[in-house]
There are 2 protein chains.
Amino acid sequence: MNTVTIHSPGTVANLVCGFDILGLALHEPCDIMKLTLIDEPRVVIHNRDAYYLPTDPLKNVAGVVLLAIMEQEQNRFGFELEIEKHIKPGSGIGSSAASAAGAAVAANHLLGKRYSTDEMVQFAMLGEKLASGVKHADNIAPCILGGVSLIRSIHPLDIVSVPAPDLYVTVVHPQIEVRTSDARQILKQQVLLKDAIRQWGNIAGLVTGLMKGDYDLIGRSLEDVLIEPVRSILIPGFDEVKRNCKEAGALGGGISGSGPSVFMLSKEEHTARAVEAEMKAIYDRIGIDYHTYVTTVNKEGCTIVNG
Amino acid sequence: MNTVTIHSPGTVANLVCGFDILGLALHEPCDIMKLTLIDEPRVVIHNRDAYYLPTDPLKNVAGVVLLAIMEQEQNRFGFELEIEKHIKPGSGIGSSAASAAGAAVAANHLLGKRYSTDEMVQFAMLGEKLASGVKHADNIAPCILGGVSLIRSIHPLDIVSVPAPDLYVTVVHPQIEVRTSDARQILKQQVLLKDAIRQWGNIAGLVTGLMKGDYDLIGRSLEDVLIEPVRSILIPGFDEVKRNCKEAGALGGGISGSGPSVFMLSKEEHTARAVEAEMKAIYDRIGIDYHTYVTTVNKEGCTIVNG
């Protein structure tokens, strides 16, 4: 089999209190990628969407991943990749991670699954480095593994799957630009110990709540005293979205990754739909274009659909 | 029934990475307390040990708890308390918490269990405030509930039991004095965000490891980049104890509470015994008196044994 088609899902990183260490995979949106082994040792990229991403593999997040795998395999072959992106670049729901992780998983499948999950994550992080300047795995890991992922440590890499109950996720992507590098630069390098203690109490509560299936505890723990107060100023309507969505019954939520998307978790589908209606009402009134998703946690991650 | 006897166990707070939010209960050492309802609205305390703790209820950690409960009950009666302490004051394994929590649980039992766990914790924290100047619950909660407790938040109080697998705990109490207030004062009020991120990755890893029964993950997560490097300088031999105990097979460990006791977790009893031997060898050589315990996680907490 020389060709494989893969679905690579969007992801929500940070999960409010778990800055840089937690992420979860979504069912929608989801990129579709078709990867073919070719004889020549080069990477050829075709975009099947309207995002005009670079086709030079050195400038493409999937491209740098495939080049690294090709090099690891002594350039004995190359790859031809078609990408049909549905996760809008810059949306904050793991668009670059989906491209990078999808490329790594698809290539590994074509190569007889010779690489471990950790190795695929390492390859895929090269794409994140190209996209944002930083090797981070809080989108990559859930994109590959599905469900909720904990990145306990990057050096050394230590990724842990955190069992989670069924959850509905409502996402709104207001069509404004927040650059990941800007969102990172406005953070303070030092924080108060007492704030850090509050944050890690919430992180422990969130993980315990997910593993116990305790929805109330999940909701109480979705509190971020460090990052959200700083970053949310970049997102028009954020406070109102959060307040109204919680009043509509959401367990809680916040900025997806570094934004501008905002996500909310709900126990029931009808709540997730009511949350979507609140989001739409707010951005209709503010007058910012947006896109919404009502979806669930994707427990499989990147999925081979053909090949 | 006007008299009750209770066993109130020692506890290990912080659990290395979980500063101020995690604690676990031990089977040993354990205080024995006998509480009697009396007609007069006063608190009478008898010490049945050689620690010469204050018998004035306003200066005794169990006394202030009983006075508060008495006041809450409109001073319709009083309490007579006999305390036989086995948890040495100042050891760092929850001596004051055992007195305070034991008094609250015993009184609640005599009063027909009219108070909730949260209310008992609130009463018992008055004892911690007397002992250390700070209302904290990371010893109180596991002492009352048993097992591993997460204090997600103090304001509002939010205590969560974290399921944990069987664990052996080896404790060494070097007979030196480390005052809780000193141990707190030497901490920096500000920490680097990147260190806080590493810490909360470990906390999430520890909680996940405990709930999955993943001993390796528990071991990898028992890392403290913020508190231990500062506080361990107050404990002679600390680095050597930690290194040698891990070489002897301990999963990991560190300072118990604010010290001076040091604890290590092991999967097997023979490892916990080997760890004890390492601890003894080091303090024998340094020439500091010490006491050791090899025990297990106490999943019941404060236990009524008679009444």
Taking segment A:150-201 and keeping residues touching a Lys or Arg at 6+ places or on another chain (Cβ under 6 Å), part of a helix (DSSP H, G or I) and more than 24 Å from A:G219 (Cβ to Cβ) leaves A:A183
Taking segment B:162-187 and the residues there that are within 14 Å of another protein chain (Cβ to nearest Cβ) and closer than 25 Å to B:S96 by Cβ, the one that is surrounded by the most Cβ atoms within 10 Å (Cβ to Cβ) would be B:V162
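Filter segment B:158-190 for residues that are aliphatic (A, V, I, L, M) and in contact with a strand residue (DSSP E or B) (Cβ under 8 Å, 6 or more places away or on another chain) and give the result. Walk me through how you get there before you give the answer.
Going through segment B:158-190, the residues aliphatic (A, V, I, L, M) turn out to be B:159-160, B:162, B:164, B:167, B:169, B:171-172, B:176, B:178, B:183, B:186-187.
The answer is B:I159, B:V160, B:V162, B:A164, B:L167, B:V169, B:V171, B:V172.
Within segment A:4-48, how many residues are over 30 Å from A:R76 (Cα atoms) and either part of a loop (DSSP other than H, G, I, E, B) or at pLDDT below 95 (or both)?
Our first condition is that a residue be over 30 Å from A:R76 (Cα atoms); within segment A:4-48, this holds for A:10-30.
The next check asks that each one be either part of a loop (DSSP other than H, G, I, E, B) or at pLDDT below 95 (or both); those that pass are A:14-21.
Residues that pass the stated criteria total 8.
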In segment B:14-29, residues that are over 15 Å from B:L210 (Cα atoms), touching a Pro at 6+ places or on another chain (Cβ under 8 Å) and among the hydrophobic types (A, V, I, L, M, F, W, C) total 1
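I'd like to check something: does segment B:37-44 contain any residue that is touching a residue at least 60 places away in the same chain (Cβ under 8 Å), in contact with a Ser or Thr (Cβ under 9 Å, 6 or more places away or on another chain) and not aromatic (F, W, Y)?
yes
Rundown of residues vs (1) facing another protein chain (nearest Cβ under 9 Å); (2) over 17 Å from A:D20 (Cβ atoms), yes/no style:
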{"residue": "B:Q199", "(1), (2)": "yes, no"}
{"residue": "B:I203", "(1), (2)": "yes, no"}
{"residue": "B:M211", "(1), (2)": "yes, yes"}
{"residue": "B:D216", "(1), (2)": "no, yes"}
{"residue": "B:S221", "(1), (2)": "yes, no"}
{"residue": "B:V230", "(1), (2)": "no, yes"}
{"residue": "B:R243", "(1), (2)": "no, yes"}
{"residue": "B:E247", "(1), (2)": "no, yes"}
By residue number, the members of segment A:147-161 that are within 10 Å of chain B (Cβ to nearest Cβ) and not hydrophobic (A, V, I, L, M, F, W, C) are A:R152, A:S153, A:H155, A:P156, A:D158, A:S161
If we ask which residues in segment B:54-97 are out of contact with any helix residue (DSSP H, G or I) (no Cβ under 9 Å at 6 or more places or on another chain), closer than 19 Å to B:V121 by Cα and not in a loop (DSSP other than H, G, I, E, B), their number turns out to be 1
When A:A196 is run through (1) surrounded by fewer than 21 Cβ atoms within 10 Å (Cβ to Cβ); (2) farther than 19 Å from A:S96 by Cβ; (3) among the small types (G, A, S), the failure sits at (1)
When A:E240 is run through (1) over 18 Å from A:G147 (Cα atoms); (2) under 23 Å from the mean Cα position of the chain (by Cα), the failure sits at (2)
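Within the group A:P156, A:P174, which residue is touching a Pro at 6+ places or on another chain (Cβ under 7 Å) and either within 21 Å of A:I93 (Cβ to Cβ) or in the same structural domain as A:M120 (by TED's automatic domain parsing) (or both)?
Working: A:P156 fails: touching a Pro at 6+ places or on another chain (Cβ under 7 Å).
Testing whether each residue is touching a Pro at 6+ places or on another chain (Cβ under 7 Å) and either within 21 Å of A:I93 (Cβ to Cβ) or in the same structural domain as A:M120 (by TED's automatic domain parsing) (or both) leaves just A:P174.
Report, by residue number, each residue of segment B:207-219 that is under 12 Å from A:D158 (Cβ atoms) and either part of a helix (DSSP H, G or I) or hydrophobic (A, V, I, L, M, F, W, C) (or both).
Taking segment B:207-219 and keeping what is under 12 Å from A:D158 (Cβ atoms), we get B:208-209, B:214, B:216-217, B:219.
Hits for segment B:207-219 are B:T208, B:G209, B:D216, B:L217, B:G219.
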Listed by first then second residue, the pairs whose first member lies in segment A:76-96 and is on the phi > 0 side of the Ramachandran plot, whose partner is part of a strand (DSSP E or B) and buried (at least 17 other Cβ atoms within 10 Å of the Cβ), with beta carbons under 7 Å and at least 6 positions apart or on separate chains, are A:G94/A:G10; A:G94/A:T11; A:G94/A:A13
Scanning segment A:98-110 for residues that are surrounded by 24 or more Cβ atoms within 10 Å (Cβ to Cβ) and of a type outside the set (A, V, I, L, M, F, W, C), the one farthest from A:L126 (Cα to Cα) turns out to be A:G102
When restricted to B:D216, B:D239, the only residue in contact with a Gly (Cβ under 9 Å, 6 or more places away or on another chain) and acidic (D, E) is B:D216
Taking first residues from segment B:14-25 that are facing chain A (nearest Cβ under 10 Å) and second residues anywhere that are surrounded by 24 or more Cβ atoms within 10 Å (Cβ to Cβ) and of a type in the set (K, R), the pairs with Cβ under 8 Å that are 6 or more apart or on different chains are B:I21/B:R152
Taking the conditions exactly as written (touching a Gly at 6+ places or on another chain (Cβ under 9 Å), within 14 Å of chain A (Cβ to nearest Cβ) and in contact (Cβ under 8 Å) with a residue 60 or more places away in the chain), does B:V4 satisfy them or not?
no
Being touching a residue at least 24 places away in the same chain (Cβ under 8 Å), in the same structural domain as A:G94 (by TED's automatic domain parsing) and in a loop (DSSP other than H, G, I, E, B) narrows A:D118, A:D138 down to just A:D138
Across segment B:12-51, the tally of residues that are crowded, with 17+ Cβ neighbours inside 10 Å and over 20 Å from B:S99 (Cβ atoms) stands at 8
By residue number, the members of segment B:220-251 that are free of Cβ contacts under 8 Å to residues at least 40 places away in the same chain and assigned to a helix (DSSP H, G or I) are B:R220, B:P229, B:S232, B:I233, B:F238, B:D239, B:K242, B:R243, B:N244, B:K246, B:E247
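Are any of the residues in segment B:135-146 basic (K, R), more than 12 Å from chain A (Cβ to nearest Cβ) and under 14 Å from the mean Cα position of the chain (by Cα)?
Here is the first cut: in segment B:135-146, the residues basic (K, R) are B:135.
Now restrict to residues that are more than 12 Å from chain A (Cβ to nearest Cβ): B:135.
Narrowing the set further to residues that are under 14 Å from the mean Cα position of the chain (by Cα) leaves B:135.
Yes: segment B:135-146 contains one or more residues that are basic (K, R), more than 12 Å from chain A (Cβ to nearest Cβ) and under 14 Å from the mean Cα position of the chain (by Cα).
Checking the conditions here, which among A:V207, A:V225 is over 22 Å from A:I286 (Cα atoms), of a type in the set (A, V, I, L, M), surrounded by fewer than 18 Cβ atoms within 10 Å (Cβ to Cβ) and within 13 Å of another protein chain (Cβ to nearest Cβ)? Give the steps one after another, and end with the answer.
Working: A:V207 fails: surrounded by fewer than 18 Cβ atoms within 10 Å (Cβ to Cβ).
After ruling out the rest, the residue left standing is A:V225.
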Expected output for segment B:190-206 (first residue closer than 13 Å to A:H155 by Cα, partner part of a helix (DSSP H, G or I) and among the charged types (D, E, K, R), Cβ below 9 Å, 6+ apart or cross-chain) is B:N202/B:R220
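The values are calculated or read from the model by the stated rules, or taken from the named source; none is laboratory data. Note that this is a predicted model, so its numbers are computed, not measured. Glycine gets a Cβ as well: all are built from the backbone with ideal geometry, and neighbour counts include every protein chain shown.
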